[in-house]
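K.L.:
To start, I am sharing the structure in question, which I have written as structure tokens.
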Amino acid sequence: MKYLMYARSEFIRGFRYRANYWATVISAVALAVIQWYLWHAAYTDKDLIAGLSLDQVLAYTLIGRVAAGFLTAPTAALRIGSRVRTGAIVHDMVKPVDLHTQLLWQGLGRAGFSFVATGLPLLLAMAALGVLEIPSPGRLLLFLISLLMAYVTMFSTSFLSGVFTFYTKTAVGVDYVYTVVSLLSGEFLPLEFFPAWLRTAADYLPFKSMHYIPMAIWSGIAGPGEVVPSLISQCLWTLGMVAVSKMAWSGALKSLTVQGG
Amino acid sequence: MGGMREPKLQESRLSSIWRHARLYYWYLRANWLSLWAYPVPFIMMNVAGIVYALGSVAAVWVLFSKIHAIGDWTLPEVMLIYGLSIFSRSLFHLFWIELMNTSAMVKAGDIDRLLVRPLNPMYQLVAGYLDNDDWGELLTAVALVWTSLGMLGHRTVANVFWCLLASVSGSLIFASIHAVCNGMAFFTVETGGFSQLAWTTDEFSRYPADIYGKGVRALITWVIPVAFASFYPAQVILGEGRLRLIGLLSPVAAILSFAFAYWFWGKAMDKYQGVGN
């Protein structure tokens, strides 16, 4: 399958930059260390905050650090606007592949590399130290499925923002307000901490499919009865975001003018 | 050539510094005007930048909607430390960002251009560019420091000046870390990972340094001194006794770490070989 080849080549490409590897690992460890100390300090005189225990929040944020490399938006998706401006987009259009699908698989290849190279060692180290507990096989499987859907939703959101900059013809896209998306996705802290109005907003937006749902499944914040409904809503959002980004792109193609020859 | 001295080209260190400082005004002026060449995208980008900075500040605010303290620190105290951290970081980002370009310049052989001019090479690199996309974070930082000083009841003229001085000195600490990490380019050429690592260290300065264990705290005080960019200077306003004294020494820590970084960068640059013919 041709798309699989895209993923494979990006996965292999990751191994070429070994000099930087250790620096990347140290960064990932450092961010996990900060989270560990921060939450211990927040729980100094409390057993429960927003109904969550320290162990649950630590599991949630630490597995979030493990998945962070995997869930990083690929810059390729964000640069569609500039590829349109420079005309480089014609090289993408002459290929007999769908651009969204191609970039998605390339992104998955790169994300897969990042997961294997930095996420997995961090996970194993934390599990060995007893800092992070690995859930039951069933929950683990559901977590992986959810994580994959999180990637597709995150990717499609970035892709959509790339297409959006093509319409607006400015450099300012969603990536400039990405912290707001991160906050609403639950990347900084679990949605349980939000004031009611913000929680409601986050529940109605697609962003929680990008982070909160898989991490809540891993950490047990999502109780047994909540796992399946949240996976279903995540699945719907994922399909929805894919459909919207493909539609936006084909709409953009119709009005595309490439200058020069 | 040791014996050949040409007195006319000799310049005292003091007058050399003065010449660089005067020239910096013209660099800044040119850079500032070029930022305003396209005012609408510039303003839009930085309004978005305010939203970007507020997004991460909001995480702290959300946390404090459920708790009253992180460790021993209340919301306004954490806000002051966080504010000083992003104040220092944005000053670094705006004025020193070209340090990140070292690797690209080594690859392209552009360091040659810095070496043939009668100005300090690192100075040329840094002064040659003023970044366009972090003014929003700077404004957010100023607002955060101002607000938290007010909430603490410590908004005096002396404290405001101290926060300004502390942020300039903090930006010098970040500049030192990035100069060392990007100076690695002269040895390894590719520095993406080191550069990313340098950006990660500022995360340690966002929260009170005493929430970390002894090892981490020693690391961010003595080795990668980011605690001197926010936590210790904040102690001049919040703390007392020994902590306050250490806080007052922050600018000294900044100057020492920059002196080391500058020395390292110069030593590393001696390894530069150039490319092509």
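K.L.:
Scanning segment B:64-91 for residues that are open to solvent by less than 10 Å² (accessible area, probe 1.4 Å) and farther than 18 Å from B:TYR232 by Cβ, which turns out nearest to the other protein chains (Cβ to nearest Cβ)? Give the derivation first.
P.N.:
Of segment B:64-91, the ones open to solvent by less than 10 Å² (accessible area, probe 1.4 Å) are B:67, B:70, B:78, B:80-86, B:88, B:90.
Applying the additional criterion that residues be farther than 18 Å from B:TYR232 by Cβ yields B:67, B:90.
On the way: B:ILE67: 6, B:SER90: 14 Å.
Result: B:ILE67.
K.L.:
Then there's this: Within segment A:209-261, restricting attention to residues that are among the polar types (S, T, N, Q) and outside any helix (DSSP H, G or I), which residue is surrounded by the most Cβ atoms within 10 Å (Cβ to Cβ)?
P.N.:
Result: A:SER255.
K.L.:
What are the residue pairs meeting all of these: first residue in segment A:93-116, first residue over 13 Å from A:GLU10 (Cβ atoms), second residue open to solvent by less than 40 Å² (accessible area, probe 1.4 Å), Cβ atoms under 7 Å, and 6 or more apart or on different chains?
P.N.:
From residues that are over 13 Å from A:GLU10 (Cβ atoms), the pairs are A:LEU99/A:ASP92; A:LEU99/A:TRP249; A:HIS100/A:PHE159; A:HIS100/A:SER245; A:HIS100/A:TRP249; A:THR101/A:TYR3.
K.L.:
Quick test of your reading of the structure: A:PRO224 fulfils all but one of (1) over 14 Å from A:SER156 (Cα atoms); (2) of a type outside the set (D, E, K, R); (3) within 20 Å of the chain's Cα centre (by Cα). Name the failing condition by number.
P.N.:
Failing condition for A:PRO224: (3).
K.L.:
For A:VAL177, all conditions in the list (1) at pLDDT 90 or above; (2) in a helix (DSSP H, G or I) hold save one; what is the number of the exception?
P.N.:
In the conditions (1) at pLDDT 90 or above; (2) in a helix (DSSP H, G or I), A:VAL177 misses (1) alone.
K.L.:
Looking at A:VAL152, A:VAL181, A:VAL163, which one is under 15 Å from the mean Cα position of the chain (by Cα), farther than 25 Å from A:GLN35 by Cβ and open to solvent by less than 40 Å² (accessible area, probe 1.4 Å)?
P.N.:
A:VAL152
K.L.:
Which pairs do you get when a residue that is under 12 Å from B:PHE258 (Cα atoms), found in segment B:158-173, comes within reach of a residue that is surrounded by fewer than 16 Cβ atoms within 10 Å (Cβ to Cβ), reach meaning Cβ atoms under 8 angstrom, with the pair 6+ apart or on two chains?
P.N.:
Note: pairs meeting the criteria are B:SER169/B:ILE255; B:LEU172/B:ILE255.
K.L.:
Something else about it: Across segment B:43-56, what is the number of residues that are more than 7 Å from every other protein chain (Cβ to nearest Cβ) and open to solvent by 20 Å² or more (accessible area, probe 1.4 Å)?
P.N.:
Total meeting the criteria: 4.
K.L.:
Another question, if that's okay. For segment B:191-208, give me each residue that is open to solvent by less than 20 Å² (accessible area, probe 1.4 Å), under 18 Å from the mean Cα position of the chain (by Cα) and not hydroxyl-bearing (Ser, Thr, Tyr).
P.N.:
B:ALA198, B:ASP202
K.L.:
So, in segment A:11-49, exactly how many residues are facing chain B (nearest Cβ under 7 Å), small (Gly, Ala, Ser) and closer than 24 Å to A:PHE115 by Cβ?
P.N.:
4
K.L.:
Shifting gears a bit: Looking only at residues that are small (Gly, Ala, Ser) and in contact (Cβ under 8 Å) with a residue 60 or more places away in the chain in segment B:174-196, which one is nearest to the other protein chains (Cβ to nearest Cβ)?
P.N.:
Checked segment B:174-196; the qualifying residue nearest to the other protein chains (Cβ to nearest Cβ) is B:GLY192.
K.L.:
Among the residues of segment B:114-153, write down those that are farther than 23 Å from B:GLN235 by Cα and open to solvent by 70 Å² or more (accessible area, probe 1.4 Å).
P.N.:
Across segment B:114-153, the qualifying residues are B:LEU115, B:VAL116, B:ARG117, B:PRO118, B:TYR129.
K.L.:
Conditions first: (1) surrounded by fewer than 23 Cβ atoms within 10 Å (Cβ to Cβ); (2) in contact (Cβ under 8 Å) with a residue 40 or more places away in the chain; (3) closer than 23 Å to A:LEU48 by Cβ. A:ASP203 passes all but one, so which condition is the exception?
P.N.:
Here A:ASP203 clears every test but (2).
K.L.:
Something else about it: Restricting to segment A:85-102, what's the tally of residues that are of a type outside the set (D, E, K, R) and open to solvent by 20 Å² or more (accessible area, probe 1.4 Å)?
P.N.:
Result for segment A:85-102: 9.
K.L.:
Being open to solvent by 20 Å² or more (accessible area, probe 1.4 Å) and touching a residue at least 24 places away in the same chain (Cβ under 8 Å) narrows it down to one residue among A:TYR37, A:TYR6, A:TYR60; which is it? Give the derivation first.
P.N.:
Numbers: A:TYR37 fails: touching a residue at least 24 places away in the same chain (Cβ under 8 Å); A:TYR60 fails: open to solvent by 20 Å² or more (accessible area, probe 1.4 Å).
A:TYR6 is the lone residue from the list that is open to solvent by 20 Å² or more (accessible area, probe 1.4 Å) and touching a residue at least 24 places away in the same chain (Cβ under 8 Å).
K.L.:
Then there is this: Could you tell me how many of the residues in segment B:36-49 are at pLDDT 90 or above and within 21 Å of the chain's Cα centre (by Cα)?
P.N.:
Going through segment B:36-49 one residue at a time, the tally reaches 0.
K.L.:
Looking at B:ARG117, B:ARG113, which is the one that is over 22 Å from the mean Cα position of the chain (by Cα), not small (Gly, Ala, Ser) and not in a helix (DSSP H, G or I)? Walk me through how you get there before you give the answer.
P.N.:
On the way: B:ARG113 fails: not in a helix (DSSP H, G or I).
So the residue among B:ARG117, B:ARG113 that is over 22 Å from the mean Cα position of the chain (by Cα), not small (Gly, Ala, Ser) and not in a helix (DSSP H, G or I) is B:ARG117.
A quick yes/no check of all residues on (1) at pLDDT 90 or above; (2) touching a Phe, Trp or Tyr at 6+ places or on another chain (Cβ under 7 Å):
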{"position": "A:TYR37", "(1), (2)": "yes, yes"}
{"position": "A:LYS46", "(1), (2)": "no, no"}
{"position": "A:VAL57", "(1), (2)": "yes, yes"}
{"position": "A:TYR60", "(1), (2)": "yes, no"}
{"position": "A:LEU123", "(1), (2)": "yes, no"}
{"position": "A:ALA128", "(1), (2)": "yes, no"}
{"position": "A:LEU142", "(1), (2)": "yes, no"}
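K.L.:
Among the residues of segment B:228-237, are any out of contact with any helix residue (DSSP H, G or I) (no Cβ under 6 Å at 6 or more places or on another chain) and not in a helix (DSSP H, G or I)?
P.N.:
no
K.L.:
Looking at segment A:19-111, what helices (runs of 4 or more DSSP H) fall wholly within it and have at least 2 residues that are among the basic types (Lys, Arg)?
P.N.:
By residue number, A:80-86.
K.L.:
For segment B:154-167, indicate whether the set of residues that are part of a helix (DSSP H, G or I), within 14 Å of chain A (Cβ to nearest Cβ) and open to solvent by less than 10 Å² (accessible area, probe 1.4 Å) is non-empty.
P.N.:
Checked against the condition, which is being part of a helix (DSSP H, G or I), within 14 Å of chain A (Cβ to nearest Cβ) and open to solvent by less than 10 Å² (accessible area, probe 1.4 Å), segment B:154-167 yields no hits at all.
K.L.:
I'd like the residue in segment B:102-146 that is of a type in the set (S, T, N, Q) and in contact (Cβ under 8 Å) with a residue 60 or more places away in the chain and, out of all such residues, is farthest from B:GLY192 (Cα to Cα).
P.N.:
Among those residues, the one meeting the criterion is B:THR140.
K.L.:
Here is a list: A:LEU62, A:LEU54. Which entry is away from chain B (no Cβ under 14 Å) and of a type outside the set (Phe, Trp, Tyr)?
P.N.:
A:LEU62
K.L.:
If you check A:PHE193 against the conditions, is it among the hydrophobic types (A, V, I, L, M, F, W, C), within 11 Å of chain B (Cβ to nearest Cβ) and within 16 Å of the chain's Cα centre (by Cα)?
P.N.:
Numbers: among the hydrophobic types (A, V, I, L, M, F, W, C): yes; within 11 Å of chain B (Cβ to nearest Cβ): yes; within 16 Å of the chain's Cα centre (by Cα): no.
No, not satisfied.
K.L.:
Does B:TYR207 meet the test of being in contact (Cβ under 8 Å) with a residue 40 or more places away in the chain and under 16 Å from B:SER88 (Cα atoms)?
P.N.:
Working: in contact (Cβ under 8 Å) with a residue 40 or more places away in the chain: yes; under 16 Å from B:SER88 (Cα atoms): yes.
It is true that B:TYR207 is in contact (Cβ under 8 Å) with a residue 40 or more places away in the chain and under 16 Å from B:SER88 (Cα atoms).
The values are calculated or read from the model by the stated rules, or taken from the named source; none is laboratory data. Given the structure is predicted, the values throughout are model-derived calculations rather than measurements. Note that each Cβ is placed from the backbone with ideal geometry, even for glycine, and that neighbours are counted across all protein chains shown. For the accessible areas, the whole protein counts, side chains as well, though only heavy atoms, and no ligand, DNA or RNA atoms are used. Shrake-Rupley method; radii C 1.70, N 1.55, O 1.52, S 1.80 Å.
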